[in-house]
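Working notes, beginning with the structure itself.
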Amino acid sequence: SVLMTYDHIEITFSDIEPMPDAFKGTKKGSVFLTPYRVIFVSKGKDAMQSFVMPFYLLKDCEIKQPVFGANYIKGTVKAEAGG
């Protein structure tokens with residue numbers, strides 16, 4: 001079941017070596033929050049159509065609330081074995 005949906009979301013990847021082309025740049029789309037994972041679905045024709053982040057693979061998450069900017073969540077997603 002989907003608990004929440006957010007549109008007009010931007011996602012950016014960093015600290016990936018080597019950086020695959022599908023992860024380069026800022027991706028725009030929607031996020032769906034379920035009880036077990038966060039699902040990002042890209043808007044338009046992008047090399048990365050979707051990205052799934054199970055909660056048990058999310059580490060060091062921080063909610064940032066800058067004074068002059070949009071709120072955002074920063075964290076690390078570890079790759080699942082064989083994923």
Residue list for the range 50-72, filter: in a loop (DSSP other than H, G, I, E, B) and surrounded by 13 or more Cβ atoms within 10 Å (Cβ to Cβ) = none
Cβ-Cβ under 6 Å pairs, at least 6 apart or on other chains, the range 1-22 side over 19 Å from Leu58 (Cα atoms), far side part of a strand (DSSP E or B) and among the polar types (S, T, N, Q) | Asp7/Ser30
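So for the range 63-71 (the condition being among the aliphatic types (A, V, I, L, M) and within 13 Å of the chain's Cα centre (by Cα)), does at least one residue qualify?
Let us first name the residues in the range 63-71 that are among the aliphatic types (A, V, I, L, M), namely 63, 67, 70.
From the residues that got through so far, the ones that are within 13 Å of the chain's Cα centre (by Cα) too are none.
Scanning the range 63-71 turns up no residue that is among the aliphatic types (A, V, I, L, M) and within 13 Å of the chain's Cα centre (by Cα).
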Of the residues in the range 73-83 that are within 19 Å of Phe32 (Cα to Cα) and of a type in the set (A, V, I, L, M, F, W, C), the one that is surrounded by the fewest Cβ atoms within 10 Å (Cβ to Cβ) is Ile73
Would you confirm whether any residue within the range 7-25 is of a type in the set (Ser, Thr, Tyr), in a loop (DSSP other than H, G, I, E, B), loosely packed, with under 12 Cβ neighbours inside 10 Å and at pLDDT 90 or above?
-> no
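The values are calculated or read from the model by the stated rules, or taken from the named source; none is laboratory data. Just so you know, these numbers come straight off a predicted model, no measurement behind them. Every residue, glycine among them, receives a Cβ derived from its backbone with ideal geometry; neighbour counts consider all protein chains shown.
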